[in-house]
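The values are calculated or read from the model by the stated rules, or taken from the named source; none is laboratory data. What you are looking at is a predicted structure, and each value in this text was computed from that prediction instead of being measured. A quick note on method: Cβ atoms are made from the backbone with ideal geometry, for glycine too, and the neighbour counts reach across all protein chains shown. Remember, those area values only see protein heavy atoms, side chains included, never the ligands or the DNA or RNA. Shrake-Rupley method; radii C 1.70, N 1.55, O 1.52, S 1.80 Å.
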Amino acid sequence: MTEPTSSSSSSSSLPRERPSSLLFPRAFAEGQPAELWRERFKRLAKPRVLISAFLATSALYFFAIGRDRYTTVSEFVIQQATPLNTSSASVLAGAASAPQVLTSLVDGQYLQVYLESSDVKTRLFPNPQRLEQDYRVKFPDVLAGLPSNSSGPAQLSFYKKQLHVAPQPLSGSVILTTSGFTPDQAFKLNKELLDQSRRFVNEVNQTISSDQNNFAKKEVQLAEINLKAATKSLELFQEKHGNLNVESEQAAASSFISGLESQLVELKVEEAALRRQYRDPNAPEVSFVADQVSELEAQIRTERDRAISENGRDLNTLAIEEAGLRADVDFASQSLQSARLAADNSRRESQRQQKFVVVLSQPQLPISPDQNWRWQGFLASIGVVVVAWGVGGFLLKAMRTN
């Protein structure tokens, strides 16, 4: 009697538990995927998984997806026709050529700035669409290349990335490296940049030499004008005063007055002797000599007044004026001589300091793609991971400490 009761009770309990058992799979179906996705997300969000995914993506791009790059290298030096140190004309002369090496290095640095300028980019690619067409983006590598309808600064930035100018401090030479997506692009760009380097050096030399020579010629012309003006002033002065030589005239007048004074001294001595000889001071012999002394003194005063007075010839003033005019003529003559000498030296110096681009290594058409950029990009990715790991660990440690 007890067994049927237990079986009936168990059988009666089954219909009550069936709804809960039926709801359990539904709850499982609704809740398990969310928890599963959370678990998967937690696993993916781990630093090691993220780093591995980043490095795998980086390796996939640099070694599989990335477009091939071709590189062309050339080397040249900016050499003077005659170096600053005339004891040696060779770049390989060691310490004797140090000034030439420094000059070439400075010229190379100027040339580096010029080749990376927008002016050269415009000369090489006058049509922006041509640059976009030559370096357009191609699938699957959508990161490399120049997008269409890009702005001017974006094109200039992309152009700078296609070349690398490296002046060498020890030798003074310049290493020019160009890259492209095809061998022709890299080779052609390198050749055109070499032509632009020659044009830049020639134009700078010609401009500097022309400016120096023109300045020297203007100085010569100005000196000639000054000399003509000074000479003309002296000629007008001489014509105004009867073409006399004031210095000679002044010397002659001084000599004449000196002669009269000598005669005056002799007559005064004779007068004194006669006055001792004759007791009468009005004696005819004494009066005759005394009259000669008076006349001679008056004549001497007249000659002196004539030489220095304003109403006379005023030889002193004329002599000072003539000396100034002659000094102007001498100074203008010396200035003209110095200007002509400076012009000749400028012409010779401009020829001596002419510079030329001497190509040490001609660019060659690349045969195989350059793999260095792939390894450099992948190693840069590893460097980013290392830096991020170090900085992140430091910040987490600092936060936990606080």
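With a 1.4 Å probe rolled over the protein heavy atoms of all chains, the accessible area of Ser104, Ser151 falls in the order Ser151, Ser104, largest first. Taking Ser148, Ser335 and ordering them by how much accessible surface each has at a 1.4 Å probe, largest first, produces Ser148, Ser335. Using 20 Å as the cut-off for backbone N distance, which residues of segment 174-190 belong to the label zone defined by a point 7 Å from the Cα of Ser117 along Cα→Cβ? In segment 174-190, the label zone of Ser117 (backbone N under 20 Å from the point 7 Å along Cα→Cβ) covers 174-177, 190.
Lys355 contributes about 40 Å² of solvent-accessible surface, heavy atoms of the protein only, 1.4 Å probe. Here's the list of lysines a cross-link from Lys232 could span, going by alpha-carbon distance under 23 Å and ignoring same-chain residues fewer than 8 apart: Lys217, Lys218, Lys240. Summary value for segment 148-188: 26 percent relative contact order, contacts being C-alpha pairs under 8 angstrom separated by 6+ residues. Measuring against 19 Å, Cα to Cα, the residue pairs Lys160/Lys188; Lys160/Lys191; Lys188/Lys355; Lys161/Lys188; Lys121/Lys160; Lys161/Lys355 contain Lys188/Lys355; Lys161/Lys355 as the ones spanning a longer distance. Shape of segment 329-402 from its Cα gyration tensor (a ≥ b ≥ c, root eigenvalues): rounded if a/c is under 1.5, otherwise prolate when a/b > b/c, or oblate? Oblate, since a/c reaches 1.5 and b/c is not below a/b. Altogether, the Stokes-Einstein calculation at 4 °C and 1.567 mPa s, with the Kirkwood radius of segment 359-402 over Cα pairs as Rh, returns a diffusion coefficient of 92 µm²/s.
Computed with a 1.4 Å probe over protein heavy atoms only, the accessible area of Asp291 comes to about 90 Å². Here the extension length gained between Ile320 and Ile367 equals 8.3 nm, from 0.36 nm per residue of separation less the Cα-Cα distance. Couplings 3J(HN,Hα) of segment 329-339, computed from phi: 5, 5, 5, 5, 5, 5, 5, 5, 5, 5, 5 Hz, in residue order, whole Hz [Karplus 6.51 cos²θ - 1.76 cosθ + 1.60, θ = phi - 60°; x for Gly and Pro]. The label point for Val384 and the one for Met399, both projected 7 Å from the Cα toward the Cβ, are 2.2 nm apart. Once both labels are positioned 7 Å from their Cα atoms along Cα-to-Cβ, the gap between Phe288 and Leu360 label points is 10.9 nm. Expressed as a fraction of 2.2 N^0.38 Å, the C-alpha radius of gyration for segment 128-179 is 1.45.
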